[in-house]
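Heads up, the thing below is written out as structure tokens.
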Amino acid sequence: MIKIGNIILPEFPLLLAPMEDVSDPPFRRLCKAHGADLMYSEFISSEGLIRDAIKSRMKLDIFDYERPVGIQIFGGDEEAMAMSSKIVSAVNPDLIDINFGCPVKKVVCKGAGAGVLKDVDLMIRLTQAVIDSTHLPVTVKTRLGWDDNSINIDEVAERLQDIGVAALSIHARTRAQMYKGHSDWSHIARVKNNPRITMPIFGNGDIDSPEKALQYKNEYGIDGIMIGRAAIGYPWIFDEIKHYFKTGEHMPKPTVIDRVEAVRNHLTWAMEWKGERLGIVETRPHYTNYFKGIHSFKTYKQKLVTLDRPEELFAALNEIEEAYAGYEVV
């Protein structure tokens, strides 16, 4: 079993990565139903929480059915991180995660996310401020370093563990790579094999199939895998990996009926959580991923992204079910 504070996870847990505009409660609920063992909120600005920004506060919503669940925060100011961790603690997630990995320019320019990789001393101070301000376990998600010439994940891991970080998720790219190029998990394996490291080490980056998940589990010896982009529109990835680990065989691919059911749930839960209008609009970007690879789907996709009323959308989904009954997804 893997332990993070008092949280007990399966022997080799599968984690849903925190993703901006993706990892909200409706999407997390789907991933939980399909085998995710630990999930995180979208990342939340510490400054936004302190300013009482509505969008930031809404991201604090968590529900008992998705536990264990962590809330992820980011920022570059110690006082703001401390204050935001107190706000987060009040809603009682199972843990607080700190984002030191987001490569997006608007985050990095504020000295937050992956920008902190250039100043490990600051990273430690920010983390310590959070640890000192909460009773919850604190975990960190980060990258290998700023660029290929400054890979510092070995120092980062040791120093974070030394101040009490309970687990570390490592995206196997540098900030300079963004999400492009090859992810190099050998650096994660080196951290995991460091005899000083006792906290769980989770690997992240490019896991998009059960075969690759098993290969990386065996080759790099990590404690678990965090899955991000491969789960967007495809929450079945978690169940598929677990089934493959157990049997060495592939589960049948989700049918179009399965996909419609997932979309119907996603849309319903989004409207319940965000309100009808916002739920409809913010579910639209997901349709392409749910129905990726389905032959001659363009007309139906156009309907889904333009219809404005729930009854029309559900009627369109019923129409898709009928049109693709018996369709075999390759």
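The values are calculated or read from the model by the stated rules, or taken from the named source; none is laboratory data. Given the structure is predicted, the values throughout are model-derived calculations rather than measurements. Note that each Cβ is placed from the backbone with ideal geometry, even for glycine, and that neighbours are counted across all protein chains shown. Remember, those area values only see protein heavy atoms, side chains included, never the ligands or the DNA or RNA. Shrake-Rupley method; radii C 1.70, N 1.55, O 1.52, S 1.80 Å.
General remarks:
- Single match in Ile188, Ile163 (criterion: surrounded by fewer than 20 Cβ atoms within 10 Å (Cβ to Cβ) and either more than 30 Å from Gly248 (Cβ to Cβ) or not polar (S, T, N, Q) (or both)): Ile163
- Inclusion of Gly221 among residues that are small (Gly, Ala, Ser) and surrounded by 20 or more Cβ atoms within 10 Å (Cβ to Cβ) is not warranted.
- Applying a threshold of 7 Å to beta carbon distances and a minimum spacing of six or more residues, or different chains, the list of pairs starting in the range 158-183 at a residue that is assigned by the TED database to the domain that holds Phe12 and ending at one that is in a strand (DSSP E or B) and open to solvent by 50 Å² or more (accessible area, probe 1.4 Å) reads Thr174/Ile151.
- Residues in the range 96-125 that are over 20 Å from the mean Cα position of the chain (by Cα) and closer than 19 Å to Lys59 by Cβ: 1 in all.
- Restricting the range 11-22 to residues that are open to solvent by 10 Å² or more (accessible area, probe 1.4 Å) and closer than 19 Å to Ile170 by Cα leaves a set whose member that is farthest from the chain's Cα centre (by Cα) is Glu11.
- Residue that is most open to solvent (accessible area, probe 1.4 Å), among those in the range 191-207 that are of a type outside the set (Gly, Ala, Ser) and in contact with a strand residue (DSSP E or B) (Cβ under 8 Å, 6 or more places away or on another chain): Lys192
- Counted residues, the range 58-109 - those being open to solvent by 70 Å² or more (accessible area, probe 1.4 Å), at pLDDT below 90 and within 23 Å of Arg159 (Cα to Cα): 0
- Selection within the range 176-185 - open to solvent by 10 Å² or more (accessible area, probe 1.4 Å) and touching an Asp or Glu at 6+ places or on another chain (Cβ under 7 Å): Ala176
- Test: residue in the range 23-39 that is hydroxyl-bearing (Ser, Thr, Tyr), open to solvent by 20 Å² or more (accessible area, probe 1.4 Å) and in contact with a strand residue (DSSP E or B) (Cβ under 8 Å, 6 or more places away or on another chain): no
- Residue that is least open to solvent (accessible area, probe 1.4 Å) [pool: residues in the range 253-304 that are farther than 15 Å from Ala316 by Cα, under 25 Å from the mean Cα position of the chain (by Cα) and among the hydrophobic types (A, V, I, L, M, F, W, C)]: Ala270
- A count restricted to the range 43-75 and to residues that are among the charged types (D, E, K, R) and outside any helix (DSSP H, G or I) stands at 5.
- Helices (runs of 4 or more DSSP H) wholly inside the range 263-306 containing at least 3 residues that are free of Cβ contacts under 8 Å to residues at least 40 places away in the same chain: 276-283, 298-306
- Close pairs from the range 243-260: first closer than 19 Å to Cys31 by Cβ, partner open to solvent by less than 60 Å² (accessible area, probe 1.4 Å) and hydroxyl-bearing (Ser, Thr, Tyr), Cβ under 6 Å, at least 6 apart: Arg259/Tyr290
Residues are listed down the side, and each one gets a yes or a no for (1) over 19 Å from Ile197 (Cα atoms); (2) of a type in the set (Asp, Glu):
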residue	(1), (2)
Asn92	yes, no
Asp97	no, yes
Lys106	yes, no
Lys118	yes, no
Gln128	no, no
Thr139	no, no
Thr142	no, no
Ser150	yes, no
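- Number of the exception - Gly233 against (1) touching a helix residue (DSSP H, G or I) at 6+ places or on another chain (Cβ under 7 Å); (2) surrounded by fewer than 14 Cβ atoms within 10 Å (Cβ to Cβ): (2)
- Between Asn204, Asn193, the distinction of being in contact with a Lys or Arg (Cβ under 9 Å, 6 or more places away or on another chain), among the polar types (S, T, N, Q) and in the same structural domain as Asp162 (by the TED database) belongs to Asn204 only.
- The residues of the range 110-130 that are closer than 25 Å to Val91 by Cα and either surrounded by 20 or more Cβ atoms within 10 Å (Cβ to Cβ) or in contact with a Ser or Thr (Cβ under 7 Å, 6 or more places away or on another chain) (or both), listed by number, are Ala112, Gly113, Met123, Leu126, Thr127, Ala129, Val130.
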